[in-house]
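The values are calculated or read from the model by the stated rules, or taken from the named source; none is laboratory data. These numbers come from a predicted model, not from an experiment. Heads up, the Cβs are rebuilt from the backbone with ideal geometry, glycines too, and the neighbour counts pull from every protein chain shown.
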Amino acid sequence: MPLPNIYQSPNERQAARALRQRGVQTPILMLTARSEVVDRVVGLKLGADDYLTKPFEMIELLARIEALLRRAPASSGIGLERYRFGAIVVDIRRAEVTRRGAPVELSAKEFHLLRYFIEHRGAMITRDELLHEVWGYQALPSTRTVDVHVAWLRQKLEEQPRVPQFILTIHGLGYKFAG
């Protein structure tokens, strides 16, 4: 039986790499039976913050999780259910948006788009990804759906929609949420 190629990406490595490429900063602890030094190094280089091999003691796992959470970057939102950027406050749980305390009326799709931007803040997001994740479309060769909804969001949320501060266009690629 041939030895596995360590450079082939097992599922946990693919997951870590995909999360980091999308800009997700949540701490990642790989819990695996792969105990070779090269496996640990590859796992860490692909985005894991820590690596623990089986068998392990529960007390060590808990200590590592606590350490990761201590080092995790503080959220720039206000709690897990609310997010603030500029004069905007988004209450995810209630599906409410306010600007300087006044309600901002968003359609369900606009709210879903805004929520997706917030969840992936700092990452470049392609139009295709937005079409797939927000609208559920698999493939459309050319549609302005995303651009139109982004323009509507900018009109409602940005101080100067023509010079956006939060929902940025990455020309030829997609968008980035900088809120």
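Taking the criterion of being at pLDDT below 90 and in contact with an Asp or Glu (Cβ under 7 Å, 6 or more places away or on another chain), no residue of segment 115-143 qualifies.
Answer yes or no as to whether Leu130 is within 20 Å of the chain's Cα centre (by Cα) and either of a type in the set (S, T, N, Q) or over 13 Å from Tyr116 (Cα atoms) (or both).
It is false that Leu130 is within 20 Å of the chain's Cα centre (by Cα) and either of a type in the set (S, T, N, Q) or over 13 Å from Tyr116 (Cα atoms) (or both).
Scanning segment 106-130 for residues that are under 21 Å from Glu159 (Cα atoms) and touching a strand residue (DSSP E or B) at 6+ places or on another chain (Cβ under 8 Å) turns up Leu106, Phe111, Leu114, Arg115, Tyr116, Phe117, Ile118, Arg121, Gly122. For beta carbons closer than 7 Å, sequence separation of 6+ or different chains, a first residue in segment 6-21 that is assigned to a loop (DSSP other than H, G, I, E, B) and a second that is surrounded by fewer than 13 Cβ atoms within 10 Å (Cβ to Cβ) and modelled with pLDDT of 70 or more, the qualifying pairs are Ile6/Val38. With the condition being touching a residue at least 60 places away in the same chain (Cβ under 8 Å), I'd like the helices (runs of 4 or more DSSP H) fully within segment 81-166 carrying at least 2 qualifying residues. Filter on segment 81-166 gives 108-119. You will find that of Gly101, Gly47, Gly43, the residue that is under 26 Å from Gln160 (Cβ atoms) and either loosely packed, with under 12 Cβ neighbours inside 10 Å or at pLDDT below 90 (or both) is Gly101 and no other. At pLDDT 90 or above and exposed (fewer than 13 other Cβ atoms within 10 Å of the Cβ): is that true of His171 in this structure? In short, yes. Being in a loop (DSSP other than H, G, I, E, B) and either among the acidic types (Asp, Glu) or surrounded by fewer than 12 Cβ atoms within 10 Å (Cβ to Cβ) (or both) is a description that applies to Pro55.
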